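No lab work stands behind these numbers, since they all come straight from the coordinates. Given the structure is predicted, the values throughout are model-derived calculations rather than measurements. Glycine gets a Cβ as well: all are built from the backbone with ideal geometry, and neighbour counts include every protein chain shown.
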2 protein chains.
Amino acid sequence: MPVVQGQEAHRAVVSKTALLLVPSPLQNHLLAALPAPTFSQLAPHLEAVPMRLGEILCESGAPMSHVYFPTTSIVSLQYVMENGAAGEIAGVGNEGMLGISLFMGGITTPTRALVQTGGMGYRLSSKILLEAFHRDGPVMRLLLRYTQALISQIAQTGACNRHHSMEQQLCRWLLLTLDRMPSNDLVMTQELIASMLGVRRESVTEAAGNLKHKGVISYRRGHITVLDRDGLNSHVCECYVVVKAEFNRLLRDAQHH
Amino acid sequence: MPVVQGQEAHRAVVSKTALLLVPSPLQNHLLAALPAPTFSQLAPHLEAVPMRLGEILCESGAPMSHVYFPTTSIVSLQYVMENGAAGEIAGVGNEGMLGISLFMGGITTPTRALVQTGGMGYRLSSKILLEAFHRDGPVMRLLLRYTQALISQIAQTGACNRHHSMEQQLCRWLLLTLDRMPSNDLVMTQELIASMLGVRRESVTEAAGNLKHKGVISYRRGHITVLDRDGLNSHVCECYVVVKAEFNRLLRDAQHH
DNA sequence: CGCCGTCTGTGCGGTAGCCAACAGAAGAAC
DNA sequence: GTTCTTCTGTTGGCTACCGCACAGACGGCG
């Protein structure tokens with residue numbers, strides 16, 4: 001997506017280091033898609049927060065005091081089964097927000113929100129968000145559309161679980177994660193990926209080994225580097241494309257910024 | 001009270017039991033949960049429609065002219081993969097509605113809506129629904145809550161796909177379907193169940209055979225009868241309970257009727 | 001009644017991913 | 001550097017589900 005790359009490049013040039021640590025809220029696509037006046041109303045209430053790897057922003061069933069708009073971080077929405085097994089139902093990065101249950105009316109949600117890639121984000125108190133949402137204007141329209149895109153992602157992930165191979169799922173996950181990151185280097189252990197995909201660590205090792213052998217990725221302890229994005233594209237299942245297309249479709253017409 | 005079975009038969013024959021075929025709109029829990037004045041506003045626009053087994057109410061990616069509120073029918077929301085394989089992401093019966101993408105803003109959705117159990121329902125033109133929704137009152141609140149419950153169901157189904165056995169999933173599916181039906185007798189072939197669950201027909205045969213052997217269900221060509229609901233409960237995975245609990249939680253506080 | 005289409009039962013080989021147990025290796029901490 | 005933790009690689013057996021092929025059996029229909 002040229003927008004993201006543009007922003008990244010711009011940031012890297014203009015800023016020394018300070019701005020890198022506290023990126024603009026506009027790096028979040030949802031915030032960036034708001035009309036300028038609407039954004040200005042919210043801006044004073046946006047609070048930059050660091051989001052650390054492994055941090056749990058919201059436990060399953062717990063209410064949230066704030067909603068989060070990741071900029072350089074990625075959050076994983078997970079179900080947790082009774083036997084302790086976990087798995088990702090969707091990811092939230094700079095394209096989205098965390099906390100839709102607030103405006104959907106349920107307040108809580110039975111999923112856990114876990115920081116999967118450390119970075120920065122912005123948060124907004126639930127009160128402010130709800131007020132903005134119920135002005136029935138652009139905020140509501142945008143957030144509902146985002147929610148629909150999220151539903152598609154959840155459904156597609158479920159379908160993918162059922163029908164596609166480990167390797168395909170790994171490729172999907174890598175691509176989706178890559179799209180939310182400024183670089184090709186993911187700080188990520190295989191163990192963590194396994195817990196996201198809801199599979200054994202060994203299965204990830206094997207699939208990643210194949211991709212490495214083919215020269216598509218390389219990795220060392222806790223880092224994965226994507227060498228050949230097209231290579232991933234040629235191994236991934238349709239699910240990646242479907243999810244991306246649906247996000248584009250739903251948020252395209254919502255652009256005003 | 002074999003209503004559905006009756007419907008299939010009666011439709012072909014004459015219907016002096018016509019009243020059985022046109023149940024009250026209030027049999028749909030969402031409509032019933034609306035405050036009386038709100039419901040009265042909508043009532044004149046509600047149109048009773050038969051929904052026949054196998055009918056496709058909405059093809060993947062196609063816009064809908066109406067939203068549907070099933071009363072005695074059940075609709076299955078399905079993803080369709082490129083290779084033709086299909087699977088259910090969620091079901092919609094008398095507890096819900098079909099067509100959330102209308103008010104979510106996306107207009108279309110990448111899932112197909114297939115009638116899984118024949119029966120009756122009510123439909124409402126999208127225009128009327130949207131007007132009601134944007135009055136920002138009880139309708140919006142209720143529909144957003146329902147949408148959140150649907151999200152939970154989709155997520156839980158995906159998780160269940162990954163982690164639980166055929167038999168557990170079959171029990172979950174039977175219980176969820178049973179809850180939406182007036183009788184214990186499902187008009188349903190194993191082939192159809194298999195396509196819902198996204199598995200082979202033979203796998204369903206085996207799992208159903210086990211349940212039959214244990215005396216939990218009985219069946220004959222195209223019919224499944226649940227003999228022992230508690231038996232199903234003792235074989236089902238947690239997913240069933242989670243979904244039901246979330247529906248109850250989200251729609252309980254919304255009751256005004 | 002008998003035919004025939006559809007639904008259900010079963011068997012066999014194949015395989016992807018599970019479970020458990022370890023061995024090696026990279027990096028951090030000292 | 002040395003130690004120690006944590007991450008990655010590999011093995012072997014196991015099970016659930018797949019794919020295919022076909023037999024039997026129900027029940028609608030002429």
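For the protein assembly as shown, what is the charge dipole size about the Cα centre, in debye to the nearest 20, if Lys and Arg each add +1 at the Cβ and Asp and Glu each add -1 at the Cβ? Let's see the in-between values first.
On the way: 44 positive and 40 negative charges, 44 e Å.
For the protein assembly as shown, the charge dipole is close to 220 debye.
Give a residue-ordered list of calculated ³J(HN,Hα) values for the stretch B:168-184 (Karplus: 6.51 cos²θ - 1.76 cosθ + 1.60, θ = phi - 60°; whole Hz; x for Gly, Pro).
4, 5, 4, 4, 4, 5, 4, 5, 4, 5, 4, 4, 9, 10, x, 10, 8
Give me the dipole magnitude in Debye, nearest 20, for chain A about the Cα centre, with unit charges on the beta carbon: positive for Lys and Arg, negative for Asp and Glu. Could the numbers behind the result be given before it?
Details: 22 positive and 20 negative charges, 54 e Å.
Taking the Cα centre of chain A as origin, the dipole is about 260 debye.
Compute a Gaussian network model of chain B, connecting alpha carbons closer than 10 Å, and tell me which residue from B:Thr38, B:Thr147, B:Thr72 fluctuates the most.
So, out of B:Thr38, B:Thr147, B:Thr72, the one fluctuating most is B:Thr38.
How much of the calculated P(r) for the stretch A:70-178 lies past 22 Å, in percent of all Cα pairs? Before the final figure, lay out the partial values.
Working: 2150 of 5886 pairs.
Considering the stretch A:70-178, 37 percent of its Cα-Cα pairs are separated by more than 22 Å.
Considering amide H positions built from the backbone, and no H for Pro or chain starts, which residues 5 or more places from B:Thr117, or on another chain, come under 5 Å of its amide H?
B:Ile74
Counting only residues 5 or more places away or on other chains, whose amide H sits under 5 Å from the amide H of A:Leu227 once H atoms are built in the peptide plane?
A:Ile217, A:Ser218
Take the cross-link list A:Lys127/A:Lys244; B:Lys212/B:Lys244; A:Lys127/B:Lys127 and give me the ones stretching past 28 Å between alpha-carbons.
Check vs 28 Å cut-off fails for A:Lys127/A:Lys244; A:Lys127/B:Lys127.
Can you tell which of A:Arg220, A:Arg201, A:Arg52 shows the greatest fluctuation in a Gaussian network model of chain A with Cα springs below 10 Å?
Maximum among the listed residues: A:Arg220.
With charges only on Cβ, +1 for K and R and -1 for D and E, what is the dipole size of the stretch B:151-221 about its Cα centre, in debye, rounded to 20?
The calculated dipole for the stretch B:151-221 is roughly 60 debye.
Check which residues have an amide H placed less than 5 Å from B:Thr111's amide H, if you skip close sequence neighbours.
B:Gly61
Within 13 Å, Cβ to Cβ, of A:Gly105, how many net charges do the neighbouring residues add up to if Lys/Arg are +1 and Asp/Glu are -1? All intermediate terms of the calculation are to be shown ahead of the outcome.
Working: positive: B:Arg141, B:Arg145, B:Arg249, B:Arg252; negative: B:Asp136, B:Glu246, B:Asp253.
Net charge in that neighbourhood comes out at +1.
Take the alpha-carbon centre of the stretch B:214-257, take the same for the stretch B:91-106, and report the distance between them in whole Å.
Distance between centres, Cα-based: 21 Å.
In the neighborhood of A:Met51, defined by Cβ-to-Cβ distances under 13 Å, what is the net charge if each Lys or Arg adds +1 and each Asp or Glu adds -1?
Residues near A:Met51 contribute +1 overall.
List the aspartates and glutamates whose Cα sits under 17 Å from the Cα of A:Lys214, skipping any in the same chain fewer than 8 residues away.
Here the aspartates and glutamates satisfying the reach criterion relative to A:Lys214 are A:Glu167, A:Glu206, A:Asp228, A:Asp230.
Using a simple spin-label model with points 7 Å from Cα along the Cα→Cβ vector, what separation in nm is obtained for A:Ser40 and A:Arg201?
5.3 nm
What number comes out for the charge environment of A:Trp173, summing +1 per Lys or Arg and -1 per Asp or Glu over other residues with Cβ under 12 Å away? Working shown, then result.
Details: positive: A:Arg172, A:Arg180; negative: A:Glu88, A:Glu167, A:Asp179.
Residues near A:Trp173 contribute -1 overall.
With chain B treated as a Gaussian network of Cα nodes joined by springs under 10 Å, which of B:Met166, B:Met104, B:Met188 yields the largest mean-square fluctuation?
Residue with maximal mean-square fluctuation among B:Met166, B:Met104, B:Met188: B:Met104.
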